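Worksheet for the structure shown next.
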Amino acid sequence: WDENTLVNVYSVGKPVIAAAVVLLVSQGKIALDAPVADYWPSFQTPASVRQVLSHTAGLVSFPVPRPASGWADWDLLCADLAAATPRWEPGTVAAEHALTYGHLLGELIRRVDGRSPAEAVAALGFDFGFALSDADLARCAELEFDTPDWPSRTAGAPGTIRHEAVANPAGARDLAVLNSPLWRRASIPAVNLHATATAIARFYAAILDGTLPDLAVPVHSGPDRFIESDVTWGLGVQIEPDGEFGMGGLGGNAGWANPATGLSVAYVTRRLGDFATVDRIEKALKVSGRP
């Protein structure tokens, strides 16, 4: 393990694919309040680009049961989403789009300018990405669970939105899948960004200095049915009351920025557990006078 080790950071990658979309907005190629169907004609849900970015589109899960091999079939999963019926009227309810988020935004990118999500993210210029090369496969950390019951601890109670959202396609919390070339070579922008901690911190630093567009634009505040707590969603990031913004990832990964201090922080881990280490980092920063 060293500073060049790549780690699957789960939802920490969601703001990255969001940034690739918001860049196209800044270039006039996408309008935030335009229906997604304006760019993706077969898309049936009457959701705007802004609603997809802010987890309010209502497409919280893939509608057709798929095996783990489905992760390698981008077109299949996008076709499933295009034909899906939203769980509620877009814009009315927030629920983190745990597994679907990256396909919704990645296909939007592909439809607008022809690049794959992996190509769009590579163009951001940081040491992270999807659809890894042979050289990058050799840099990946092998994931492990902190305890054997980690998959069941993170599954959500049966009948909940969380349980539904993380179950399909199979394999997103299975070490045999997560550590496999199938997963690492696939583009799953919601949950399989492979990144160094330095790359995530530099990504947030680039937002703070204006190199990348601002994502901390409040869109929806209130209960999130996946997270099961109140959240203020921006354009792919969670925004805290003090203005800090960022995203945590399943297993204890996190990246965030504090505009008041100019500080950007990232923590990545191969040992999937909880957010105890991130909590200690935040506490240490506050004790040191860097809130």
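For segment 69-81, the set of residues classified as small (Gly, Ala, Ser) and either at pLDDT below 95 or under 19 Å from the mean Cα position of the chain (by Cα) (or both) consists of 70, 72, listed by residue number. In this structure, does residue 157 turn out to be free of Cβ contacts under 8 Å to residues at least 12 places away in the same chain and under 13 Å from residue 193 (Cα atoms)? So residue 157 does not fit the description; no. Listed by position, the strands (runs of 3 or more DSSP E) enclosed by segment 226-287 include none that has at least 2 residues that are in contact with a His (Cβ under 8 Å, 6 or more places away or on another chain), of a type in the set (Val, Ile, Thr) and open to solvent by less than 10 Å² (accessible area, probe 1.4 Å).
Applying the criterion of being of a type outside the set (Gly, Ala, Ser), assigned to a loop (DSSP other than H, G, I, E, B) and touching a residue at least 40 places away in the same chain (Cβ under 8 Å) to the residues of segment 215-225, the residue that is least open to solvent (accessible area, probe 1.4 Å) is 215. The set of residues in segment 59-86 being surrounded by fewer than 17 Cβ atoms within 10 Å (Cβ to Cβ), over 25 Å from residue 129 (Cα atoms) and not small (Gly, Ala, Ser) consists of 63, 64, 65, 85. Inspection of segment 190-199 finds a residue satisfying the criterion of being open to solvent by 20 Å² or more (accessible area, probe 1.4 Å) and at pLDDT 95 or above. Do we have residue 42 as within 16 Å of residue 78 (Cα to Cα) and open to solvent by 10 Å² or more (accessible area, probe 1.4 Å) here? When the stated conditions are applied, residue 42 passes them. Residue-level check: of (1) open to solvent by less than 50 Å² (accessible area, probe 1.4 Å); (2) outside any helix (DSSP H, G or I), residue 204 misses just (2).
Note on segment 6-31: residues that are touching a strand residue (DSSP E or B) at 6+ places or on another chain (Cβ under 7 Å) and not in a helix (DSSP H, G or I) amount to 4.
Only one entry in 113, 134, 149 is of a type in the set (D, E, K, R), surrounded by fewer than 17 Cβ atoms within 10 Å (Cβ to Cβ) and in contact (Cβ under 8 Å) with a residue 12 or more places away in the chain, namely 113.
The values are calculated or read from the model by the stated rules, or taken from the named source; none is laboratory data. Since the structure is predicted, the reported quantities are computational estimates derived from the model, not experimental observations. As a convention, Cβ positions derive from the backbone with ideal geometry for all residues, glycine included, and neighbour counts pool all protein chains shown. Ligands, DNA and RNA are excluded from the accessible area calculation, which covers all protein heavy atoms including side chains. Shrake-Rupley method; radii C 1.70, N 1.55, O 1.52, S 1.80 Å.
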